[in-house]
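Here is the structure we will look at.
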Amino acid sequence: MKSVVYIASIILFSSYLLLLSHAVVLDVEYLSYVDPDYETAYVLHLYLQFFDSIEPGTFDGLVHLEQLLLWNNQLTTFEPNLFKSLINLEDLQLYENDLIELDPALFTNLTKLKKLYLERNQLTELDASLFKNLISLENLYLSWNQLSWLDPSIFATCKNLIRLDLDGNNLSALDPSLFSTLTNLQILALDTNKLTSLDSSLFSNLINLEMLYLYSNKLTSLDANIFKSLVKLEWLYLNDNNLISIDRLVFVGLPNLEMVFLAENPISQILPSYVLNLCASNPNCEIYI
């Protein structure tokens, strides 16, 4: 009877490791081979730190890899085909690097990817087709980069997204169709950007959204219909903006709304009683000013 060796993780720690080559993972490459007699595939988790480049072919053959952690390094870019063999990858963590660009073909074969962490890098723009094949993606973290604009179609095929973090960027405007296909989205973080206004149809298809973070922007007003489709919305963060005008019907028709944060806005100081009555039609909602 044949035995299966299950390896949960391999940790490579070295403050002097600056370049990861194919030779480093050559000894564990056999783990990607699954004998026909085995019903359970091998799973290999790689946790790598303290290097600034990865040679092409490093991950070739690791077709059963499910999780790859490359965070907290000095990586600035990746070779376009670096992840081409990782067809079963579900979790890719690239945060806290120095990434300045991503090739449009980088994630082409990652159709089973569910979690992608790209926060705290130096990304200034993303190609419209970058996430095109990520049809299984559920969590996408793009926080704390330097993004100032997003192509309207960049999330079009990510229809299974549950969480999308775009906070801590330089976004000043969002195309009305940007989130139009994200009907399963539950958490959307847009805080700490430079947004001055929001199109009334921006959130119109987010019927499952529960938490919306818009604090620390430069919003001056809210249209009466901006949140009307968010029937499952529970928590809404609007604090630390420049709101001087809020339509009195803005929160009407939101039966699940529990918390609205409006502190540090001019209108909260000038018309506190008006602001506190904005949730009068919903007895379960509280407004914090």
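The values are calculated or read from the model by the stated rules, or taken from the named source; none is laboratory data. Computed from a predicted structure; not experimentally measured. Neighbour counts run over all protein chains shown; Cβ positions are idealised from the backbone, glycine included.
Tabulated data
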| read-out | value |
| --- | --- |
| Residue match in segment 149-165 (condition: charged (D, E, K, R), out of contact with any helix residue (DSSP H, G or I) (no Cβ under 9 Å at 6 or more places or on another chain) and at pLDDT below 95) | no |
| Residue within segment 243-250 that is modelled with pLDDT of 95 or more and either crowded, with 17+ Cβ neighbours inside 10 Å or in contact with an Asp or Glu (Cβ under 8 Å, 6 or more places away or on another chain) (or both) present | yes |
| Lone qualifier among Glu29, Glu39, Glu101, Glu55 - being at pLDDT 90 or above and either among the acidic types (Asp, Glu) or surrounded by 18 or more Cβ atoms within 10 Å (Cβ to Cβ) (or both) | Glu101 |
| Residue tally, condition among the acidic types (Asp, Glu) and touching an Asp or Glu at 6+ places or on another chain (Cβ under 6 Å), over segment 78-110 | 1 |
| Selection within segment 55-95 - among the charged types (D, E, K, R), within 25 Å of Arg120 (Cβ to Cβ) and in a loop (DSSP other than H, G, I, E, B) | Glu55, Glu66, Glu79, Glu90 |
| Contacts under 8 angstrom Cβ, first residue in segment 235-252 being at positive phi, partner part of a loop (DSSP other than H, G, I, E, B) and surrounded by fewer than 21 Cβ atoms within 10 Å (Cβ to Cβ), 6 or more apart | Asp240/Ser216; Asp240/Ala263; Asp240/Glu264 |
| Any hit, segment 214-223, residues being at pLDDT 95 or above and among the acidic types (Asp, Glu) | no |
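Each row is one residue, and each column tells you yes or no for (1) out of contact with any strand residue (DSSP E or B) (no Cβ under 6 Å at 6 or more places or on another chain); (2) under 17 Å from Tyr288 (Cβ atoms).
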| position | (1), (2) |
| --- | --- |
| Asp191 | no, yes |
| Tyr215 | no, yes |
| Asn225 | yes, no |
| Asn241 | yes, yes |
| Val250 | no, yes |
